[in-house]
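Have a look at the structure below before the remarks.
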Amino acid sequence: KIIIFKLYRYIYNIMNIQSYNNILIPFSISFPLTIDKIIGIGSYGIVFSVKDKSYVIKLQCESREFEHLLTEEIKILKLCTNIVKYKICLHFIILLKDFKILNKDFDIKTYEIWNNNNYNIYGSVMPKMENTVAYLTSDNKYFAEIFNQIVFALYILNKKTGYYHNDVTINNILISETEPFTEIYTDNFINIIINVDKYFAVLSDMGLTTKR
(Lines give C-alpha, C1' and ligand atoms only; values in the text may rest on other atoms or scores of the structure.)
Protein backbone atom coordinates (compact mmCIF):
# COMPACT_ATOMS: atom_id res chain seq x y z
CA LYS A 1 0.00 0.00 0.00
CA ILE A 2 1.32 3.42 -0.95
CA ILE A 3 1.11 6.05 1.75
CA ILE A 4 0.97 9.68 0.68
CA PHE A 5 1.51 12.67 2.91
CA LYS A 6 2.30 16.32 2.33
CA LEU A 7 4.75 18.46 4.21
CA TYR A 8 5.16 22.19 4.01
CA ARG A 9 7.92 23.14 1.64
CA TYR A 10 11.23 23.73 3.36
CA ILE A 11 14.21 25.28 1.59
CA TYR A 12 17.66 25.47 3.13
CA ASN A 13 19.45 28.79 2.84
CA ILE A 14 22.16 27.18 0.78
CA MET A 15 22.41 25.82 -2.75
CA ASN A 16 20.10 22.95 -3.68
CA ILE A 17 23.01 20.82 -4.81
CA GLN A 18 26.68 21.19 -4.03
CA SER A 19 29.37 19.46 -6.04
CA TYR A 20 32.39 17.92 -4.30
CA ASN A 21 34.79 16.41 -6.80
CA ASN A 22 32.51 14.03 -8.72
CA ILE A 23 29.94 13.70 -5.93
CA LEU A 24 26.69 15.65 -6.15
CA ILE A 25 25.14 16.12 -2.71
CA PRO A 26 21.63 17.60 -2.43
CA PHE A 27 20.87 19.88 0.49
CA SER A 28 17.18 20.55 -0.16
CA ILE A 29 14.17 18.55 -1.27
CA SER A 30 10.86 19.02 -3.09
CA PHE A 31 7.47 18.11 -1.67
CA PRO A 32 5.10 16.30 -1.51
CA LEU A 33 6.79 12.95 -0.98
CA THR A 34 5.17 9.59 -1.75
CA ILE A 35 6.36 6.65 0.31
CA ASP A 36 6.93 3.69 -1.99
CA LYS A 37 8.11 0.57 -0.12
CA ILE A 38 10.03 -0.64 2.90
CA ILE A 39 13.76 -1.06 2.29
CA GLY A 40 14.89 -1.60 5.88
CA ILE A 41 13.61 -2.33 9.39
CA GLY A 42 15.63 -1.60 12.51
CA SER A 43 15.19 -1.61 16.26
CA TYR A 44 13.72 1.89 16.38
CA GLY A 45 12.16 2.52 12.99
CA ILE A 46 11.41 1.65 9.39
CA VAL A 47 13.18 3.02 6.29
CA PHE A 48 11.14 3.62 3.13
CA SER A 49 12.10 4.51 -0.40
CA VAL A 50 10.39 7.54 -1.93
CA LYS A 51 8.56 7.13 -5.21
CA ASP A 52 10.24 8.82 -8.20
CA LYS A 53 12.82 10.62 -6.04
CA SER A 54 16.32 9.88 -4.79
CA TYR A 55 15.45 10.07 -1.09
CA VAL A 56 14.66 7.71 1.74
CA ILE A 57 12.43 8.41 4.73
CA LYS A 58 13.08 6.92 8.13
CA LEU A 59 10.02 6.82 10.41
CA GLN A 60 10.32 6.19 14.13
CA CYS A 61 7.54 5.95 16.67
CA GLU A 62 7.84 8.09 19.79
CA SER A 63 7.70 6.42 23.18
CA ARG A 64 8.90 7.37 26.61
CA GLU A 65 11.43 4.55 26.46
CA PHE A 66 13.52 5.96 23.63
CA GLU A 67 12.26 9.45 22.76
CA HIS A 68 15.60 10.90 23.88
CA LEU A 69 17.38 8.56 21.45
CA LEU A 70 15.34 9.92 18.55
CA THR A 71 16.02 13.56 19.34
CA GLU A 72 19.71 12.81 19.93
CA GLU A 73 19.98 11.00 16.60
CA ILE A 74 18.48 13.99 14.76
CA LYS A 75 20.93 16.28 16.55
CA ILE A 76 23.91 14.14 15.45
CA LEU A 77 22.63 13.92 11.87
CA LYS A 78 22.50 17.72 11.76
CA LEU A 79 26.09 17.90 13.02
CA CYS A 80 27.19 15.41 10.34
CA THR A 81 25.32 17.36 7.66
CA ASN A 82 27.30 20.46 8.56
CA ILE A 83 30.54 18.46 8.46
CA VAL A 84 29.70 17.45 4.88
CA LYS A 85 28.46 20.91 3.92
CA TYR A 86 31.72 22.54 4.99
CA LYS A 87 33.80 19.81 3.29
CA ILE A 88 35.42 18.59 6.50
CA CYS A 89 34.47 15.03 5.57
CA LEU A 90 32.00 13.87 2.91
CA HIS A 91 31.45 10.37 4.26
CA PHE A 92 28.28 10.81 6.34
CA ILE A 93 24.65 10.41 5.42
CA ILE A 94 23.09 13.87 5.56
CA LEU A 95 19.76 15.04 6.93
CA LEU A 96 17.63 16.86 4.36
CA LYS A 97 14.62 17.41 6.62
CA ASP A 98 13.23 16.22 9.94
CA PHE A 99 9.59 16.38 10.94
CA LYS A 100 7.07 15.15 13.50
CA ILE A 101 3.47 14.13 12.83
CA LEU A 102 0.66 12.60 14.87
CA ASN A 103 -0.25 8.98 14.27
CA LYS A 104 -3.90 9.97 13.80
CA ASP A 105 -2.89 12.15 10.84
CA PHE A 106 -0.94 9.40 9.16
CA ASP A 107 -2.29 6.34 7.37
CA ILE A 108 -0.05 3.63 8.71
CA LYS A 109 -2.55 0.88 9.45
CA THR A 110 -0.50 -1.70 7.61
CA TYR A 111 2.37 -1.43 10.08
CA GLU A 112 1.42 -3.19 13.28
CA ILE A 113 3.96 -1.56 15.57
CA TRP A 114 2.03 1.71 15.34
CA ASN A 115 -1.54 0.41 15.41
CA ASN A 116 -4.07 1.69 17.94
CA ASN A 117 -2.01 4.37 19.63
CA ASN A 118 -1.66 8.13 19.60
CA TYR A 119 2.11 8.33 19.59
CA ASN A 120 3.88 10.91 17.51
CA ILE A 121 5.95 9.75 14.57
CA TYR A 122 9.39 11.21 13.99
CA GLY A 123 10.60 11.35 10.41
CA SER A 124 13.88 12.10 8.71
CA VAL A 125 14.52 12.50 4.99
CA MET A 126 17.94 11.54 3.63
CA PRO A 127 19.55 10.98 0.21
CA LYS A 128 19.20 7.50 -1.24
CA MET A 129 22.41 5.56 -1.79
CA GLU A 130 22.61 2.64 -4.22
CA ASN A 131 23.49 -0.20 -1.82
CA THR A 132 24.97 -1.21 1.49
CA VAL A 133 28.48 -2.63 1.60
CA ALA A 134 26.83 -6.04 2.06
CA TYR A 135 26.19 -5.87 -1.69
CA LEU A 136 29.87 -6.49 -2.39
CA THR A 137 31.36 -9.97 -2.54
CA SER A 138 33.93 -10.95 0.04
CA ASP A 139 36.80 -10.90 -2.47
CA ASN A 140 35.96 -7.47 -3.84
CA LYS A 141 39.10 -5.43 -4.41
CA TYR A 142 37.38 -2.18 -3.41
CA PHE A 143 36.95 -3.07 0.26
CA ALA A 144 40.16 -1.22 1.15
CA GLU A 145 38.98 2.09 -0.29
CA ILE A 146 35.62 1.77 1.45
CA PHE A 147 37.38 0.91 4.72
CA ASN A 148 39.56 4.02 4.44
CA GLN A 149 36.56 6.27 3.88
CA ILE A 150 34.65 4.90 6.87
CA VAL A 151 37.64 4.95 9.23
CA PHE A 152 38.19 8.59 8.31
CA ALA A 153 34.49 9.32 8.95
CA LEU A 154 34.71 7.68 12.40
CA TYR A 155 37.79 9.73 13.20
CA ILE A 156 36.12 13.00 12.18
CA LEU A 157 32.89 12.12 13.98
CA ASN A 158 34.77 11.69 17.24
CA LYS A 159 37.14 14.61 16.78
CA LYS A 160 34.58 17.20 15.66
CA THR A 161 31.55 16.16 17.71
CA GLY A 162 32.89 14.01 20.55
CA TYR A 163 30.60 11.10 19.60
CA TYR A 164 31.33 7.42 19.04
CA HIS A 165 29.20 5.62 16.45
CA ASN A 166 28.98 2.22 18.24
CA ASP A 167 27.12 0.47 15.41
CA VAL A 168 29.42 0.04 12.41
CA THR A 169 27.89 -2.89 10.53
CA ILE A 170 27.76 -3.78 6.85
CA ASN A 171 24.16 -2.49 6.74
CA ASN A 172 25.17 0.91 8.11
CA ILE A 173 27.82 1.55 5.46
CA LEU A 174 26.13 2.82 2.32
CA ILE A 175 27.81 2.95 -1.08
CA SER A 176 27.24 4.37 -4.56
CA GLU A 177 29.35 3.94 -7.67
CA THR A 178 31.28 6.98 -8.82
CA GLU A 179 34.06 8.08 -11.13
CA PRO A 180 37.57 7.98 -9.58
CA PHE A 181 38.64 11.00 -7.54
CA THR A 182 41.00 11.91 -4.72
CA GLU A 183 40.15 13.81 -1.53
CA ILE A 184 42.83 15.68 0.37
CA TYR A 185 42.12 16.86 3.92
CA THR A 186 44.48 18.70 6.22
CA ASP A 187 44.47 17.85 9.91
CA ASN A 188 47.05 19.40 12.24
CA PHE A 189 49.19 20.29 9.22
CA ILE A 190 49.15 16.67 8.03
CA ASN A 191 47.56 15.83 4.67
CA ILE A 192 45.11 12.93 4.73
CA ILE A 193 44.57 11.47 1.27
CA ILE A 194 41.48 9.41 0.45
CA ASN A 195 41.52 7.72 -2.96
CA VAL A 196 38.12 6.71 -4.31
CA ASP A 197 38.34 4.48 -7.39
CA LYS A 198 34.80 3.16 -7.71
CA TYR A 199 32.66 3.31 -4.55
CA PHE A 200 31.77 6.42 -2.58
CA ALA A 201 30.89 5.34 0.98
CA VAL A 202 29.00 7.03 3.80
CA LEU A 203 28.37 6.16 7.43
CA SER A 204 24.70 6.03 8.42
CA ASP A 205 22.38 5.21 11.35
CA MET A 206 23.39 7.33 14.34
CA GLY A 207 20.83 5.74 16.67
CA LEU A 208 23.35 4.14 19.03
CA THR A 209 25.88 6.95 18.99
CA THR A 210 27.15 8.06 22.41
CA LYS A 211 29.27 10.92 23.72
CA ARG A 212 32.81 10.18 24.83
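Annotations
- The C-beta contact set for the range 176-187 (first residue modelled with pLDDT under 85, second residue open to solvent by less than 30 Å² (accessible area, probe 1.4 Å) and not in a strand (DSSP E or B), distance under 9 angstrom, 6+ apart or interchain) comprises D187/I156.
- Any hit, the range 154-163, residues being in contact with a Lys or Arg (Cβ under 6 Å, 6 or more places away or on another chain), at pLDDT 90 or above and either surrounded by fewer than 17 Cβ atoms within 10 Å (Cβ to Cβ) or part of a helix (DSSP H, G or I) (or both): yes
- For beta carbons closer than 9 Å, sequence separation of 6+ or different chains, a first residue in the range 188-212 that is closer than 10 Å to I146 by Cα and a second that is open to solvent by 50 Å² or more (accessible area, probe 1.4 Å) and modelled with pLDDT under 85, the qualifying pairs are V196/N21; V196/N22; F200/N22.
The values are calculated or read from the model by the stated rules, or taken from the named source; none is laboratory data. As the structure is a prediction and not an experimental result, all values here were calculated from the model. Methodologically, a virtual Cβ is constructed for each residue, glycine included, from the backbone with ideal geometry; neighbour enumeration extends over all protein chains shown. Note: areas computed on protein heavy atoms with side chains; ligands, DNA, RNA excluded. Shrake-Rupley method; radii C 1.70, N 1.55, O 1.52, S 1.80 Å.
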